[in-house]
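Please read through the structure below; I'll follow up with questions.
The values are calculated or read from the model by the stated rules, or taken from the named source; none is laboratory data. Worth saying up front: this structure is predicted, and the values here are computed from it rather than measured. Cβ placement follows ideal geometry from the backbone for every residue including glycine, while neighbour counts extend to all protein chains displayed.
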Amino acid sequence: MTERLLDDSIVAQVRDVFASLQNDVALIHFTTTRSDCMYCPETKQLLEEVAPLSDKLHLEVYNIEADSAKAQEFGVDKTPATIVAAYDNGTITNYGIRYFGIPSGHEFSSLIQDIITVSERDSGLKPETREFLKSLTEPVHLQVFVTPTCPYCPRAVVLTHRMALESDKVTADMIEATEFPELSNEYGVTGVPHTDINHHKGTVVGAVPEEHFVAEIRRALGM
């Protein structure tokens, strides 16, 4: 029998938090049968342990090779990948809230917070941030590089994911840096959280306030 990843105490805490979920949420997970995926089995197991903790959670698991059309639909090109989306009577609304790598350690809190936020269907961002995001005319891709041991990383991840919920122009990825070393090298990641804006157009290092993040996106877009 496979050893559980979540102990009884964490299960009880998460179930208690999920008791107040307002609307249904889909967890769409992509895995692979390839042996070179570092944490694919563990990520799938983690989601299989989280999903039963609320009847408002709906887990869908796909294989990136066998279900390539579905992977393309969600813009998934690497595994493990998890999308947190709205679920309404079988209809999925994809906000562009994505995890590449296992959301473990401190990042487990990001996953739980994202589920709550998507369930509320409200980003919780400041009015001025919402106005800025409404004004976007071109796509914004935010890639937040993290490690499970980084206590500040969830702030950056959750903020970018809230932006993705607020605007259909924004896609926000958590990328576990040690699982994707080539990607980390490509974006010059030497410390985390490290957020890339639109593929080298801008960079935010550290967990910064909401308005600082907005200013950096503006600068990257030349606004």
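Need the failing condition index for D114 against (1) buried (at least 18 other Cβ atoms within 10 Å of the Cβ); (2) charged (D, E, K, R); (3) at positive phi, just the number.
(3)
Is the stretch 124-136 home to any residue that is of a type outside the set (A, V, I, L, M) and under 15 Å from the mean Cα position of the chain (by Cα)? Explain how you work it out, then say what you get.
Looking only at the stretch 124-136, we keep the residues that are of a type outside the set (A, V, I, L, M), and these are 124, 126-132, 134-135.
Restricting the remaining residues to those that are under 15 Å from the mean Cα position of the chain (by Cα) gives none.
There is no residue in the stretch 124-136 that is of a type outside the set (A, V, I, L, M) and under 15 Å from the mean Cα position of the chain (by Cα).
Here's something else I'd like to know. Cβ-Cβ below 7 Å, separation at least six or inter-chain, first residue in the stretch 187-202 and within 19 Å of V158 (Cα to Cα), second of a type in the set (D, E, K, R): which pairs?
I197/E216; G202/E216; G202/R219
Still on this structure, I have one more. Could you tell me which of the residues P80, P127, P103, P154 is touching a Gly at 6+ places or on another chain (Cβ under 7 Å) and not polar (S, T, N, Q)?
P80
Out of everything in the stretch 112-131 that is among the aliphatic types (A, V, I, L, M) and in contact with a strand residue (DSSP E or B) (Cβ under 7 Å, 6 or more places away or on another chain), what residue ends up being farthest from M163 (Cα to Cα)?
First pass over the stretch 112-131, keeping only residues among the aliphatic types (A, V, I, L, M): 112, 115-116, 118, 125.
Still in the running and in contact with a strand residue (DSSP E or B) (Cβ under 7 Å, 6 or more places away or on another chain): 115, 118.
On the way: I115: 14, V118: 12 Å.
So, considering only residues that are among the aliphatic types (A, V, I, L, M) and in contact with a strand residue (DSSP E or B) (Cβ under 7 Å, 6 or more places away or on another chain), the one farthest from M163 (Cα to Cα) is I115.
I would also like to ask the following. Among the strands (runs of 3 or more DSSP E) lying completely within the stretch 48-113, list those that include at least 1 residues that are outside the structural domain of L159 (by TED's automatic domain parsing) and among the basic types (K, R).
Numbers: elements: 57-63, 81-88, 91-93, 97-100.
Passing ranges, in order: 97-100.
Give the residues of the stretch 194-214 that are of a type outside the set (A, V, I, L, M) and not in a loop (DSSP other than H, G, I, E, B), sorted by residue number. Quick ask: steps written out before the conclusion?
Of the residues in the stretch 194-214, the ones of a type outside the set (A, V, I, L, M) are 194-196, 198-203, 206, 209-213.
Result: H194, T195, D196, G202, T203, E210, E211, H212, F213.
Residue-wise test of (1) in contact with a Lys or Arg (Cβ under 8 Å, 6 or more places away or on another chain); (2) surrounded by fewer than 17 Cβ atoms within 10 Å (Cβ to Cβ); (3) closer than 15 Å to L111 by Cα.
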residue: D7; (1), (2), (3): no, yes, no
residue: F18; (1), (2), (3): yes, no, yes
residue: V25; (1), (2), (3): yes, no, yes
residue: T31; (1), (2), (3): yes, no, no
residue: L46; (1), (2), (3): no, no, yes
residue: A51; (1), (2), (3): no, no, yes
residue: H58; (1), (2), (3): no, yes, yes
residue: Y62; (1), (2), (3): yes, no, no
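Report whether or not D114 is free of Cβ contacts under 8 Å to residues at least 40 places away in the same chain and closer than 22 Å to A177 by Cα.
Details: free of Cβ contacts under 8 Å to residues at least 40 places away in the same chain: no; closer than 22 Å to A177 by Cα: yes.
Judged against the criteria, D114 is not a match.
Could you list all residues from the stretch 140-193 that are part of a helix (DSSP H, G or I), under 17 Å from I102 (Cβ atoms) and not aliphatic (A, V, I, L, M)?
C153, P154, H161, P181, S184
OK, next. Which of the residues spanning the stretch 14-46 are assigned to a helix (DSSP H, G or I) and either basic (K, R) or in contact with a helix residue (DSSP H, G or I) (Cβ under 9 Å, 6 or more places away or on another chain) (or both)? Quick ask: steps written out before the conclusion?
Our first condition is that a residue be assigned to a helix (DSSP H, G or I); within the stretch 14-46, this holds for 14-18, 40-46.
If the condition is that a residue be assigned to a helix (DSSP H, G or I) and either basic (K, R) or in contact with a helix residue (DSSP H, G or I) (Cβ under 9 Å, 6 or more places away or on another chain) (or both), then V14, R15, V17, F18, K44, L46 are the ones that fit.
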